[in-house]
């Protein structure tokens, strides 16, 4: 056979590529190197502007180690009363704020849906959503603490406010994606606006609304652990105190409780969402 | 769907009587629970303060305007620090999150029984704790400053990026992996030529998305001493300098809107 001779002929055939290289991420070489240079320049400048007090960091290493080892011997008892109180506040705050937030979010969400609301209502509701979503919970908490004083009520107001923006935005998007045929069918029976929303819109968005509410319950619990830092009650206040006093074993206990509750609630909400859909 | 027969004729109803009863008791239980939770929560509330809230709000609102524009020149440096915390924190997180994601994905993990649960636990632990709490801890361990902020952002981002990335890895097209493996490629080559190109768009999207969130979060890390514009916010709040607070709010808002725009543009370009 002429096998070897043919292969040799192929290998030397003019213009036939013998190696393959994958195409680069950016086709133009100039732009590619410009991007690399920009990234490198940023890293040099950015890292250069980070001032680190290395002696302080060095001193911190044993403390960091103490914190890590505290996770293997968490202390649930010596601050047990505070932890229990903080947990109570966090859980009650989470539940009431989620419910109140959703009740307020439903009208706002309906108003923020382009296919349901007239233009002025739409603009107003979108403004509410944007306002509520653009600030971190902790910033809102600072303002509410200044208004109603320290304690879980400020936390409740904060979480409700944040819930309104979150749920209303996603609900509005869901309403805008409705199946038009069902909406039209109900419309064709001569239904009023209220009947229309109740029989055509509500059944379609309900599964997603329940899913979102559970998701938000989850988020609100996590946030309730944070806003305590600025005095809005909850387990965050307990955690803040423990860390300020360098009581890492109590802090580890609080963190483990938070992780456990988040894991359980994530699992439960996942199961419920699967059941609803 | 049950149809009821009554004196006036047949009428259609959404649910049967039994279902309605169950739903009614479910709602009743929820309302009772909420009322109970409300009472537990407001046990120690001082209502005189709450009644005073509208006046307080009006008072603060009055003091907040007009914003003190001259303060802006002292905000550029903290703003740059905030940007660095978010960006460097995201980059640092990538170095840890990418290997963790490969260890956590069912189709790339070396051991489903031992390595995967450990990687998943790492992801869950990182995700459950807010970056502010990480910052609180790190400030107490390492001292206040940018480093604590960068590490806090990185620690929180590992879980987020790791989770979304391992889900993306699990959804890749297995036939491409098989095709590359069939050419005799080594494990690393399969990773490089079959898996990486498939997850690249998801990876870039997730990273930019997280960077956007990190900008948002790094604006407040300073409240616990981890540097950035939050530090100025904290100073201004402590000295009750409300016009400065207003300006900082405006700057934060502007930064957040800008970063959201950038991230939306980049994600749009990738996908």
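The values are calculated or read from the model by the stated rules, or taken from the named source; none is laboratory data. Bear in mind the structure is a predicted one, so any value in this text is a computation, not a measurement. No Cβ is skipped: glycine too gets one built from the backbone with ideal geometry, and neighbour counts run over all protein chains shown.
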Residue A:154 being farther than 15 Å from residue A:99 by Cβ and part of a helix (DSSP H, G or I): yes
Looking at region A:17-55, which of the residues that are in a helix (DSSP H, G or I) and away from every other protein chain (no Cβ under 14 Å) is modelled with the lowest pLDDT? A:29
For region A:134-149, how many residues meet the condition of being facing chain B (nearest Cβ under 9 Å) and within 18 Å of residue B:52 (Cβ to Cβ)? 7
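Being more than 11 Å from chain A (Cβ to nearest Cβ), assigned to a loop (DSSP other than H, G, I, E, B) and surrounded by 12 or more Cβ atoms within 10 Å (Cβ to Cβ) is the requirement here; does residue B:45 meet it?
Numbers: more than 11 Å from chain A (Cβ to nearest Cβ): no; assigned to a loop (DSSP other than H, G, I, E, B): yes; surrounded by 12 or more Cβ atoms within 10 Å (Cβ to Cβ): yes.
When the stated conditions are applied, residue B:45 does not pass them.
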Out of B:141, B:60, B:129, B:123, I need the residue that is without any contact (Cβ under 8 Å) to a residue 24 or more places away in the chain and farther than 21 Å from residue B:259 by Cβ. Which one? B:141
Tell me whether region B:110-117 contains one or more residues that are modelled with pLDDT under 85, within 12 Å of chain A (Cβ to nearest Cβ) and touching a helix residue (DSSP H, G or I) at 6+ places or on another chain (Cβ under 8 Å). no
Has region B:136-145 got at least one residue that is in a helix (DSSP H, G or I) and either more than 9 Å from every other protein chain (Cβ to nearest Cβ) or more than 30 Å from residue A:150 (Cα to Cα) (or both)? no
I'd like to check something: does region A:218-228 contain any residue that is farther than 24 Å from residue A:170 by Cβ and more than 9 Å from chain B (Cβ to nearest Cβ)? yes
Can you say whether residue B:172 is farther than 22 Å from residue B:86 by Cα and in contact (Cβ under 8 Å) with a residue 40 or more places away in the chain, as far as the supplied structure shows? yes
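Quick one: is residue B:136 within 23 Å of the chain's Cα centre (by Cα) and buried (at least 24 other Cβ atoms within 10 Å of the Cβ)?
Working: within 23 Å of the chain's Cα centre (by Cα): yes; buried (at least 24 other Cβ atoms within 10 Å of the Cβ): yes.
Spelling it out, residue B:136 is indeed within 23 Å of the chain's Cα centre (by Cα) and buried (at least 24 other Cβ atoms within 10 Å of the Cβ).
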Consider region B:79-107. How many of its residues are more than 14 Å from every other protein chain (Cβ to nearest Cβ), surrounded by fewer than 21 Cβ atoms within 10 Å (Cβ to Cβ) and closer than 14 Å to residue B:152 by Cα? 1
Quick one: residue A:113 ticks every box in (1) part of a helix (DSSP H, G or I); (2) surrounded by 20 or more Cβ atoms within 10 Å (Cβ to Cβ) except a single one, so which number is it? (1)
Condition check: within 14 Å of chain A (Cβ to nearest Cβ) and over 23 Å from residue A:230 (Cβ atoms). Does residue B:151 satisfy that? no
